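Reading through the structure tokens given below for one structure.
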Amino acid sequence: MVRMSVLADCLKTITNAEKRGKRQVLIRPSSKVVIKFLQCMQVHGYIDEFEIVDDHRSQKIVIELNGRLNKCGVISPRFDITVHEIEKWVVNLLPSRQFGQIILSTTYGIMTHEEARRKKTGGKVLGFFY
């Protein structure tokens, strides 16, 4: 089967492993976007550390799960949003304002919706987790 989105495949694999109660999950292939997305998840404490394994092809990632992740997903197509539209997306995607993050790809790099709001920039919606 043809792999359409590496990021979507990665997030679905993480969600399924989390539902099954696994402690580790192997993600392949890897990409820069996947690595940045995982770094955002790690900063906010939804996953423990992850290790990139170089197999001289497209790399693999081994992620240590901590059981805090309820759901993560990708938004396709990657809609353009402005700073003022971020609130609308937060209301639609996240269960509450207290927890969960929407990941945006901005001109300043890949960041959460809160960082984008602080920097007063919009971007393309990549995905979310809570």
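Here is how the numbers come out for the structure above:
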{"item": "Members of the stretch 108-129 that are open to solvent by 40 Å² or more (accessible area, probe 1.4 Å), farther than 16 Å from Lys32 by Cβ and of a type outside the set (Lys, Arg)", "result": "Glu114, Glu115"}
{"item": "Test: Val34 is under 13 Å from the mean Cα position of the chain (by Cα) and crowded, with 16+ Cβ neighbours inside 10 Å", "result": "yes"}
{"item": "Any pair with Cβ under 7 angstrom, 6 or more apart, that starts in the stretch 117-128 at a residue that is in contact (Cβ under 8 Å) with a residue 60 or more places away in the chain and ends at one that is assigned to a strand (DSSP E or B) and open to solvent by 20 Å² or more (accessible area, probe 1.4 Å)", "result": "Leu126/Val74; Leu126/Ser105; Leu126/Ile110; Gly127/Val74"}
{"item": "Selected residue (criterion: least open to solvent (accessible area, probe 1.4 Å)) from residues of the stretch 1-17 that are more than 22 Å from Val125 (Cα to Cα) and assigned to a loop (DSSP other than H, G, I, E, B)", "result": "Val2"}
{"item": "Selection from the stretch 71-86 of residues that are in contact with a strand residue (DSSP E or B) (Cβ under 8 Å, 6 or more places away or on another chain) and either in a loop (DSSP other than H, G, I, E, B) or polar (S, T, N, Q) (or both)", "result": "Lys71, Ile75, Arg78, Phe79"}
{"item": "Any hit, the stretch 97-106, residues being hydroxyl-bearing (Ser, Thr, Tyr), open to solvent by 40 Å² or more (accessible area, probe 1.4 Å) and not in a loop (DSSP other than H, G, I, E, B)", "result": "yes"}
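Table: residues versus (1) without any contact (Cβ under 8 Å) to a residue 60 or more places away in the chain; (2) under 20 Å from Thr112 (Cβ atoms); (3) in a loop (DSSP other than H, G, I, E, B).
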site	(1), (2), (3)
Lys19	yes, no, no
Lys22	yes, no, yes
Lys36	no, yes, no
Gln39	yes, yes, no
Gln42	yes, yes, no
Asp55	yes, no, yes
Ile63	yes, yes, no
Lys88	yes, yes, no
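The values are calculated or read from the model by the stated rules, or taken from the named source; none is laboratory data. Bear in mind that the values here come from a model prediction, so they are computed numbers and not experimental data. Don't worry about glycine lacking a Cβ; one is built from the backbone with ideal geometry, like all the others, and counts go over all protein chains shown. What goes into the accessible areas is simple: the full protein's heavy atoms, side chains included, and nothing from ligands, DNA or RNA. Shrake-Rupley method; radii C 1.70, N 1.55, O 1.52, S 1.80 Å.
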